[in-house]
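J.: Could you have a look at this structure, given as structure tokens, before my questions?
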Number of protein chains: 2
Amino acid sequence: MAKSGSGAGPKTRSDGAAIEPERLRFPARLDAKAKIEHLAKKTIAMARREVDPYVDIPSRTLSNVTFSKRRKIIEMGDATQRRTLFNLNQARKYMQTLLVARGCSQLLDEQKTTSIRDLYYMSKHTLADGRENTFEGQEESDPIIEDLEVTLGALREELHLFAAKRGSAVGPLTLVDAGDVIDLSRMGSGGWSVPGIVEPGTIRFVGHGARFILLVEKEAVWARLNEDKFWRRHNCILVTGQGQPSRGVRRLLYRMVDELKLPLYVFVDNDPWGYYIHSVVKQGSIGLAFESKRMAVPRARFIGLSSFDPGNYDLSEDVSIRLNDQDRSRAREILNYEWFKAKPWQKEIRNMLRSGVKWELEALSSKGISFVTEEFLPRKIADRDWI
Amino acid sequence: MAKSGSGAGPKTRSDGAAIEPERLRFPARLDAKAKIEHLAKKTIAMARREVDPYVDIPSRTLSNVTFSKRRKIIEMGDATQRRTLFNLNQARKYMQTLLVARGCSQLLDEQKTTSIRDLYYMSKHTLADGRENTFEGQEESDPIIEDLEVTLGALREELHLFAAKRGSAVGPLTLVDAGDVIDLSRMGSGGWSVPGIVEPGTIRFVGHGARFILLVEKEAVWARLNEDKFWRRHNCILVTGQGQPSRGVRRLLYRMVDELKLPLYVFVDNDPWGYYIHSVVKQGSIGLAFESKRMAVPRARFIGLSSFDPGNYDLSEDVSIRLNDQDRSRAREILNYEWFKAKPWQKEIRNMLRSGVKWELEALSSKGISFVTEEFLPRKIADRDWI
């Protein structure tokens, strides 16, 4: 390659000032594979033009996150950080970014999916001329995957990567999963195991007879509702995330709400972590704000446990749990989030703090094995008692 | 009630020596419900006879555990400890034992199942004449559940209790789960979610076309094998426990091996924890020795990763992980277990220690996305390369 006057560094104009290269963008109309090809072509073009190869990575910092009052989700702003090859502090990460992109490209080419851990192993090797590894551990590759997601504007699932699978679903819904027709009303006690990737390429909805979706934090309570066939009597799709829902469960909820036009109710422990689970489903999270627009469900309702439920449903104080310092400080923190500023939420959280106790979903069992199925939820729904 | 000469304490013979009450036994022919009724009747009879009410609880201590060379499982011995009501140190636990038994009796009567956490809430209340709670936390009720299991000789699942659900299965197997016929060869990418309770009352096998069962430690590798339809080409039932298999997965494996007469291969990371997962599936564990006879699969085979596999399959050292102190001490501990005394195991473990490294299943991805499906496992099976 012919060298320009200033050597291998960035091109300079005749007046000596560096030419600020254009911002590298990835049009939304392109699919994930086309975006990676775009990145590859641009990179080659930069090298040919003797510009430092770079990528512009949207900042995943708190300062670049806003709560959109209109869309009611947590969104990422426009700020980006440039990562270039010819910078000693950035060269390693730049290489890693392209290695991860190459891994995803390979997955897309072979029409295969894999875990983020597998991708780490696929991309790890020792560099030929030294003892340096491309990645020292998965803690190096995981953030690079997030970088690539935000840079390309593609969910990791679209890049054919998945995180750990968790969660189950049952109810009057038929779907196609990897070519198999699955009737979620005939899944016995175990239910359908929600896969890590639920993109339209894998999962398609065929038909349903549901009136709403109920997300239950605790798997044991989901199992109780399933055994009692709550979903049959109330025509709902019953989903559990087994704690904080996985990305697969969140994306599935989003798609069900969006495509099947169903309301979603979230049923969690009455503690700051329960509120938070609901809020991530509803608005998205600060750390993964770039996912909100394809995962958050702004119209999700909080159906309980509310800090007012124990009084309304005559739960014994015996089955409450004292708030600890961590609970209290987390509750106060949440009180200040913009998306918890609505009056009902302020009332809800302040009431919990005032009471000094929290309640788990399982505490409902103290009123009878099937109290949750036969009395609690039916009355909450009939009374439209949600936030 | 008329009092005997010596008051409310245990009856004494005319020579003053206490009459040693007979050991309380629960005949194996009885079902769980009949055993609880037997306990209740015996307790009432003791009270009527003015004998201190008691239960005899088999000791769950290391000294009461043996490895049966004939049956090749870890078994519990005959030693028991007596728990009596009229003993200040035991009265609380005695009460708790009967409360848990009552909770299980209620579940059995109503033909419902629940989680061990729910049972805690069902059984928790404040005693009428004081501020003492029947249970202070689940850490008090869980051991009582284990006490009751060993005392009655009934798995908790037979008492209608379950622990957290985990694990998925796919393959040429049709079963009935809570009345629904489920074809595990048509479960898409997610698979059938293995329920917490897989007793014959809930799960029945209908038919299968499988030649073997493959248990995969890592869910990501299970997903890879499922996406590649490994189970179809090799006619196997593919199960993942997502780490250490849950009781539901272990019991399912036991039942499939026992009822379907299929061999079981266990595919785990090459590290001391992988060996241990295999050994729990095969022989049972020390802590839960009383479950072995209904959960352990003595003929389970270890198909990898072996510490010899990286050499045989040309894996790059780049994707190995250095053993840490904990790994080394755990490996040395395992070397001394009676059930790891067989030569191939001593060779396997010593080779790992000598190499100084461990390997995760995902490391196979470094040889290609589908290397595990297309080359590694087929060759291991063809070569009968297992322990």
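J.: If you take every DSSP beta bridge fully contained in the protein assembly as shown, what fraction is antiparallel? Give it as a percent rounded to 5.
T.: Around 65 percent of the beta bridges assigned by DSSP in the protein assembly as shown are antiparallel ones.
J.: Just to confirm the numbers: B:G207, label point 7 angstrom along the Cα-Cβ line, distances to the other copies in nm, shortest first?
T.: Distances between equivalent label points, in nm: 2.6.
J.: Would you grab the residues whose amide H sits under 5 Å from the one on A:R82? Only those 5+ places off in sequence or on another chain, please, with H modelled 1.01 Å from N.
T.: Those lying under 5 Å, H to H, from A:R82 are A:I57.
J.: So the label point sits 7 Å from Cα along the Cα-to-Cβ vector; using that for B:E37, what distances do you get to the other copies, in nanometres, sorted shortest first?
T.: List, nearest first: 7.3 nm.
J.: Rounded, prolate or oblate: pick one for segment B:182-322, where a ≥ b ≥ c are the square roots of the eigenvalues of its C-alpha gyration tensor, a/c under 1.5 means rounded, and failing that, prolate if a/b is larger than b/c, else oblate.
T.: Oblate.
J.: Same structure again: Sorted from fewest to most neighbouring beta carbons within 10 Å, what does the list A:L315, B:L214 look like?
T.: A:L315, B:L214
J.: Considering chain A as a Gaussian network with a 10 Å cut-off on Cα pairs, which listed residue, A:A296, A:A163, A:A40, attains the greatest mean-square fluctuation?
T.: A:A40
J.: Step through the residues of segment A:154-168 one at a time and calculate ³J(HN,Hα) from phi using the Karplus curve (6.51 cos²θ - 1.76 cosθ + 1.60, θ = phi - 60°), rounding each to whole Hz and writing x for Gly and Pro.
T.: 9, 4, 4, 5, 6, 8, 6, 10, 9, 8, 4, 7, 7, x, 9
J.: Distances in nm, one decimal, shortest first, from B:N87 to the same residue in every other copy, taking the label point 7 angstrom along Cα→Cβ.
T.: From this label point to the equivalent ones elsewhere in the assembly: 7.2 nm.
J.: Considering only B:G243, B:I286, B:L262, whose Cα is most displaced toward the positive end of the charge dipole of segment B:227-295, charges sitting on Cβ of Lys, Arg (+1) and Asp, Glu (-1)?
T.: B:L262
J.: For segment A:322-360, which trypsin sites (Lys or Arg not before Pro) are in a loop by DSSP, counting at most 12 other Cβ atoms within 10 Å?
T.: Sites meeting the loop and neighbour criteria: A:K341.
J.: Please arrange A:V221, B:V65, A:V266 by how many other C-beta atoms lie within 10 Å of their C-beta, fewest to most.
T.: B:V65, A:V221, A:V266
J.: Hey, another quick one. If you average the C-alpha positions of segment A:122-171 and of segment A:284-299 separately, how far apart do those two centres end up, in angstrom?
T.: When both Cα centres are located, 20 Å separates them.
J.: Just want the answer: with Cβ charges of +1 for Lys and Arg and -1 for Asp and Glu, which residue in A:N133, A:L99, A:V51 is farthest toward the dipole's positive end in segment A:32-162?
T.: So the residue furthest toward the plus end is A:V51.
J.: Okay, which of segment B:19-41 sit inside 20 Å, backbone N to the point 7 Å along the Cα-Cβ direction of B:A47?
T.: B:21-22, B:24-25, B:34-41
J.: I've got another one for you. Provide the per-residue ³J(HN,Hα) series for segment A:116-123, in order, calculated from phi with Karplus coefficients 6.51, -1.76, 1.60 and θ = phi - 60°, each as a whole number of Hz, with x at glycine and proline positions.
T.: Running phi through 6.51 cos²θ - 1.76 cosθ + 1.60 with θ = phi - 60° gives 5, 6, 4, 4, 4, 5, 4, 9 Hz.
J.: Test of understanding: ordering B:W192, A:W359 by Cβ neighbours within 10 Å, fewest first, what list do you get?
T.: With the sparsest Cβ surroundings first, the list reads A:W359, B:W192.
J.: Just how large is the dipole of the protein assembly as shown about the Cα centre, in debye to the nearest 20, putting +1 at every Lys and Arg Cβ and -1 at every Asp and Glu Cβ?
T.: Rounded to the nearest 20 debye, it is 580 debye.
J.: Set the Förster radius R0 to 51 Å, insert the Cβ-Cβ distance between B:V206 and A:E37 as r into 1/(1 + (r/R0)^6), and round the FRET efficiency to 0.05.
T.: Given R0 = 51 Å and the Cβ-Cβ separation, E is 0.60.
J.: Another question, then. Just the Cα atoms of chain B, one point each, no solvent: what log10 I(q)/I(0) does Debye give at q = 0.14 Å⁻¹?
T.: -1.21
J.: Whose Cβ in chain A comes nearest the axis that rotates A onto B, and by how many Å?
T.: Result for the axis mapping A onto B: A:S193, 2.
J.: Size of the dipole of segment A:32-162 about the Cα centre, Lys and Arg at +1 and Asp and Glu at -1 on the beta carbon, nothing else charged, in debye to 20?
T.: 460
J.: Any idea how far apart A:Q346 and B:R25 come out in nm if each label point goes 7 Å out from Cα toward Cβ?
T.: 7.1
J.: Now for a separate question. Which whole number gives the average count of other chain Cβ atoms within 10 Å of the Cβ atoms across peptide A:217-229?
T.: Averaged over the peptide's residues, the number is 4.
J.: Another question about this same structure. For the protein assembly as shown, compute Rh as the Kirkwood radius over C-alpha pairs and then the Stokes-Einstein diffusion coefficient at 4 °C and 1.567 mPa s; write the answer in µm²/s, rounded to an integer.
T.: This corresponds to a translational diffusion coefficient of 44 µm²/s.
A short reminder: the numbers here are calculations on the coordinates, not readings from a lab. Since the model is a prediction, treat every value here as computed from it, not as a measurement. Every residue, glycine as well, gets a Cβ built from its backbone with ideal geometry; the counts of neighbours run over all protein chains shown.
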